[in-house]
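Contents: one structure, followed by commentary.
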Amino acid sequence: MQIHERLLAEVSAERRRLSRRGMLSGSLKLAGGAAIALSLSNVPALRTPVAAQDFASDLDVLNYALTLEHLEYAFYRDGVGLFDFGTDGFGQSINDNLAAVRDHEGAHVTTLTDTITQLGGAPVAEQVYNFTDAYASVDGFIATAAALENTGVSAYDGAAQFITDPGLLTAAGSIVAVEARHASYLNLILNEVPFPASFETPLTMAEVLEIAGPFFA
Amino acid sequence: MTIRAQTTFEEPVDVLNYALTLEHLEYSFYRDGLEQFAEEDFVDAGYAAVVHEYFGAIRDHELEHVETLTTVITDLGGEPVEEAEYDFGYTDIAGFIGVAQALENTGVSAYQGAAQFLIDEDALLTAALTIHGVEARHAAYLNGLNGASPFPDAVNPTLTPDEVLAIAGPFIVS
């Protein structure tokens, strides 16, 4: 089974589980750190997700990233034009900045798709998503955007350790930095601290799925 | 001078000392700047009071990065580099905020360029990336504060140690 097939299967299972728990609409908060163990025991700030081998190859990691980038790009592509977001605390147009975010996610989708193809892999395609709640209000849109970006950072940070090619690792680093910039900005728009902790929180694929899963239709 | 002109690292601990060199630079910059400029100075210069608060948060992050890297380097049997003497050349708050923007954006690119040298050290790589992301959050905020785009590129630029040295070196007096 390919990584995206497995991912979608897990999304489906996760949806059923969350649905049973009545959590489908309330799962934007970051999952707890149950699967995260201390890897450097006397430095509690440094955490490496201890996962079963989530990824068998660099291609698996890239398709995992592409799955999340598709989700992000579709979210902004279909939603940025729905609202007039006004002006941010810097005096900049929020619509303009969100359009830039959209374009970044689109560029990430293209880059990852091309890279996977060049490496002989099969890039995962865009799926059908459910952003009904997110698109219901400005606040819902911004909160969802912030959740997606902050989760994206954690997803890359959790998966990077499985990359074996130095060039791909650097490329992933240059994308996750942009996701972190987006997250900082969206936190700010949400009236939250742009940089809430001194370290990011790496998440396993299962933890990411718990957050992103409900958006898959 | 603790940043050596080089494009590679021999050992993981060398990568961490490179990161620590930059974190010392950043922490001392915020520590000393915030001793010089109080909240009312930020407000008098036209910034919201929360900007001063956020600068305090950034300073605290850099201190945690310094302390964490120092601990890890020591645990690995290495010798952590110490804080140097710096001259950041600013004379007012606007200048201070401008230097902050340059330091943070350089920091992001520096971690990004060095991460590949930790590719065989999963825990250290992950730790470095969790710092890298926070530097990127700082950089986005400081860009916005200086009237620039918080995220000017779809792909964040990567810098080699040599390139970082060219940018950060002039701040290091001894």
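Report the full-extension gain for the segment A:Ala56 to A:Asp114: residue separation times 0.36 nm, less the Cα-Cα distance, to one decimal in nm.
Residue separation times 0.36 nm, minus the Cα-Cα distance, leaves 18.9 nm.
So what does B:Tyr86 come to for accessible area, using a 1.4 Å probe and Å² rounded to 10?
B:Tyr86 has an accessible surface of roughly 50 Å² with all protein chains in place.
On a 0 to 90 degree scale, rounded to 10, what angle separates helix B:12-36 from the longest Cα axis of chain B?
On a 0 to 90 degree scale, this one is about 20.
Report the FRET efficiency, 1/(1 + (r/R0)^6), for B:Asn146 and A:Thr132, where r is their Cβ-Cβ distance and R0 is 30 Å, rounded to 0.05.
The formula returns an efficiency of 0.20 here.
Given labels modelled 7 Å from the Cα in the Cβ direction, how far is it in nm from A:Asp78 to B:Asp75?
4.4 nm
As an exercise, find the ratio Rg/Rh for segment B:14-171 from alpha-carbon atoms, using the Kirkwood inverse-distance average for Rh.
Rg/Rh for segment B:14-171 comes to 0.96.
Can you pull the Rg over Rh of segment A:89-217, Cα-only, Kirkwood?
Radius of gyration relative to Kirkwood radius: 0.96.
Working with all protein chains in place, sort B:Glu82, B:Glu135 by solvent-accessible area computed with a 1.4 Å probe, largest first. Before the final figure, lay out the partial values.
Values: B:Glu82 150, B:Glu135 0 Å².
The residues order as B:Glu82, B:Glu135, largest area first.
For chain B, what does -39500 (n - 2.57) per DSSP helix run (n ≥ 4), summed and divided by total residues, give at 222 nm, in deg cm²/dmol to the nearest 500?
-22000 deg cm²/dmol
Using the alpha-carbon centroid of each, what span in Å lies between segment A:174-192 and segment B:92-140?
14 Å
What is the helix-to-structure angle for B:122-145, meaning the angle in degrees between its Cα long axis and the longest Cα principal axis of chain B, kept from 0 to 90 and rounded to the nearest 10?
20 degrees
The values are calculated or read from the model by the stated rules, or taken from the named source; none is laboratory data. Please read these numbers as outputs of a predicted model, since none were measured by experiment. Using ideal geometry, Cβ is built from the backbone for each residue, glycine included, and neighbour counts are taken over all protein chains shown. Remember, those area values only see protein heavy atoms, side chains included, never the ligands or the DNA or RNA. Shrake-Rupley method; radii C 1.70, N 1.55, O 1.52, S 1.80 Å.
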